[in-house]
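Written out below as structure tokens is the structure these notes cover.
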Amino acid sequence: MVASPKALLDELKRLFGPRVLLARPEKAVYRYDAILVGEEPLAVVLPETREEVQALVRLSRNFGVPLVPRGAGSGLSGGSVPLEEAIAVAFTRMTRLEVDPRTQTAWAEPGVTTARISEAARPFGLFYPPDPASYRTSTLGGNLGENAGGPLCFKYGVTGDYLLELEWVDAFGEVHRLDRKAYDLPGLLVGSEGTLGLITGARVRLLPFPKHRATLMALFPQVEALAEAVSRAIALGAVPARLEFLDASCVDAVEDYLHMGLPRGHALLLAETDGDDPELVQEELALLEETALALGGKVRRARDEGEAEALWRARRAVSPALGRIRPKRVNEDIAVPRSALPQVVREIEALGKAFGLVVVQFGHIGDGNLHPNILFDPRRESEEKVWELAHEIVRVALRHGGVLSGEHGIGFMKRKFMGEAVDPETLGALEAVKEALDPWGLLNPGKVLP
Ligand SMILES: Cc1cc2nc3c(=O)[nH]c(=O)nc-3n(C[C@H](O)[C@H](O)[C@H](O)COP(=O)(O)OP(=O)(O)OC[C@H]3O[C@@H](n4cnc5c(N)ncnc54)[C@H](O)[C@@H]3O)c2cc1C
């Protein structure tokens, strides 16, 4: 319990005026991320400057009240969800953004949405590669907090790979603005889910737009053949920009929704190659085409951008297509060695049947990142059973040498698995870092560490 809540709220009102939300309906929204729900915060604060963030940290210490940083709340592991009496710090008003075409970088505050960075870079022939599917709503602060990836990450890497310089406020209220050239302290904050500091700005690297792209879709009667085709093409030297996989249940759902003539009961691969040399781009795609055909795949190759867009519609339609099957879903996120993927997909399918729940699977197959989705109707199906199944899915990944999370983070959803997934020595080191950087345990408590 916070010692003197009234004094705390008075102080918040004095410091932030209308930018502190105290009314029930407004605050209630901040209990949620995209799938999880926690406690209603004591207050929600919308800071606009790093000095205001510093003031919040001091106040948090004086009153012993935790801070829960939050971007767009599109997270899928409960990172931005308060678990006890806390102040939610919503960074959505810190949205300054400057592109520097000379250095091919951008300086952005944490509330800038992912998509806006690329939009601002486009007039200079540049783009920002990390592309979580939530890129229109998710923020840079949240992307750094989770080290978000996306379809382009097989070739281009994840959010942390584009971070050059980071500004943050630590638990002592000090501001740091550091690059990564000596001790990589910014790297420590990447993926720390708001538990080590509050990010107030970042310089990110931009890349020139590739001049050419080529796309194909391949359909396989068996997941094994699809995974093998991908592995062979990569071994032969193909580095596709995007490699997306949909299992047969997912393909059926998309076909029911779009009626684009996809054969039922087939697993689907979408691949895109890109680069500045048009011949190389086509050659790389040809490697994928040849291996797919050799393994019994049916291949559709896009002849132009319009056809490519039409093929990618299948991937973009996944969310609405699944929404027609059941109103709710838990979007799991595991990563396994690519060679284990067929077996993992089969085991998860079998688990879904054993639990009597609908499970569909898709993901970024290049890096073995799989998103088994459990679809359910809370009026007819037990949510407890859904979470039990989600936990079994994590165990399948761990049994096959995989990891707890490919890109969505640990949050509070998976923290209890940290003991199973991480060796005691590493866990001890993580705890020591947390203790050193947040000795009062006021930064996003209850997340990541078991
Ligand atoms: C439809 C959909 C598709 C998605 N697709 C992908 C995908 O392809 N790839 C992927 O990686 N994720 C994906 N996600 C998950 C989610 O969008 C990402 O994790 C994203 O990075 C979260 O950004 P956010 O701004 O919503 O952050 P939030 O959910 O608000 O917060 C995420 C974490 O970051 C911390 N945080 C936020 N701001 C700060 C800050 N300024 N300082 C310190 N910590 C902070 C929070 O405390 C929390 O722990 C998807 C989600 C949805 C709903």
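The values are calculated or read from the model by the stated rules, or taken from the named source; none is laboratory data. Model, not experiment: these values are computed from the prediction. All Cβ positions, even for glycine, are placed from backbone atoms using ideal geometry, and neighbour counts span all protein chains on display. Note: areas computed on protein heavy atoms with side chains; ligands, DNA, RNA excluded. Shrake-Rupley method; radii C 1.70, N 1.55, O 1.52, S 1.80 Å.
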Per the rule of 0.36 nm per residue minus the C-alpha distance, extending GLU431 to GLU290 adds in nm 45.9 nm
Projected onto the charge dipole of the chain (unit charges on the beta-carbon of Lys, Arg, Asp and Glu, signs +1, +1, -1, -1), the Cα from LEU189, GLY352, ILE334 with the largest positive-side position is that of GLY352
Checked region 5-92 against the a/c 1.5 cut and the a/b vs b/c comparison, axes a ≥ b ≥ c from its Cα gyration tensor; verdict prolate
Expressed in angstrom and rounded, the centroid-to-centroid distance over alpha carbons for region 14-28 and region 151-187 is 30
Computed D for region 97-208, Stokes-Einstein, Kirkwood radius over alpha-carbon pairs, 25 °C, 0.890 mPa s, to the nearest µm² per second, is 178
Answer in debye to the nearest 20: the dipole magnitude of the chain about its Cα centre, from +1 Lys/Arg and -1 Asp/Glu charges placed on Cβ, is 1000
Note on region 97-208: contact order normalised by length, alpha-carbon pairs under 8 Å, 6 or more apart, percent, works out to 32
FRET efficiency for ARG19 and GLU174 from the Cβ-Cβ distance with R0 = 25 Å, rounded to 0.05, comes out at 0.65
Taking 0.36 nm per residue of separation between GLU283 and VAL37 and subtracting their Cα-Cα distance, the length gained on full extension comes to 83.8 nm
Its Cα gyration tensor gives region 212-319 an equivalent ellipsoid whose semi-axes in whole Å, largest first, are 22, 17, 10
With the 1.4 Å probe rolled over protein heavy atoms, the chain has an accessible area per residue in Å² of 42
Given pairs LYS27/LYS328; LYS155/LYS298; LYS13/LYS416; LYS155/LYS434; LYS155/LYS181 and cut-off 28 Å on Cα-Cα distance, the over-length ones are LYS13/LYS416; LYS155/LYS434
When all Cα-Cα pair distances of the chain are considered, the percent exceeding 35 Å is 33
The alpha-carbon center of region 224-255 and that of region 374-408 are separated, in whole Å, by 22
Taking protein heavy atoms only, a 1.4 Å probe, and rounding to whole percent, the accessible area of the chain owed to carbon and sulfur comes out at 53
Once HIS391 and MET418 are pulled to full extension, the length gained, defined as 0.36 nm per residue separation minus their Cα-Cα distance, is 8.5 nm
Straight-line reach check, LYS353, cutoff 16 Å on alpha carbons, 8 or more apart in-chain or any other chain, hits among lysines -> LYS385
The base-10 log of I(q)/I(0) that the Debye equation returns for region 287-415 at q = 0.19 Å⁻¹, one scatterer per C-alpha, is -1.14
